[in-house]
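Structure record follows, encoded as structure tokens.
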Amino acid sequence: MDKRKVIEAYQRGFLTTKECAQILGIDSVKIMKVVHDSNWSDQQKTQKAR
């Protein structure tokens, strides 16, 4: 499964933190860093597109 889609599903509230971490194969503590980094990269892409 595409990691971006898993993170997006988590951000939309379809998955819990634990479920998201299990799907991605990482521990629950690291999931917050992954989600944060994902948000940052999405913002950078949006700014570059402008």
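The values are calculated or read from the model by the stated rules, or taken from the named source; none is laboratory data. Since the structure is predicted, the reported quantities are computational estimates derived from the model, not experimental observations. Note: ideal-geometry Cβ built from the backbone for every residue, glycine included; neighbour counts use all protein chains shown. Just the protein is used for accessible areas: all its heavy atoms, side chains included, with ligands, DNA and RNA removed. Shrake-Rupley method; radii C 1.70, N 1.55, O 1.52, S 1.80 Å.
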Quiz prompt | Close pairs (6 angstrom Cβ cut-off, 6 or more residues apart or separate chains): of a type in the set (Ser, Thr, Tyr) in segment 4-30, surrounded by 15 or more Cβ atoms within 10 Å (Cβ to Cβ) anywhere | solution = TYR10/CYS20; THR17/ILE31; SER28/ALA21
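VAL29 - would you say it is modelled with pLDDT under 85 and open to solvent by less than 100 Å² (accessible area, probe 1.4 Å)?
No.
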Quiz item: How many of the residues making up segment 5-27 are part of a loop (DSSP other than H, G, I, E, B) and farther than 14 Å from SER38 by Cβ?
Solution: 5
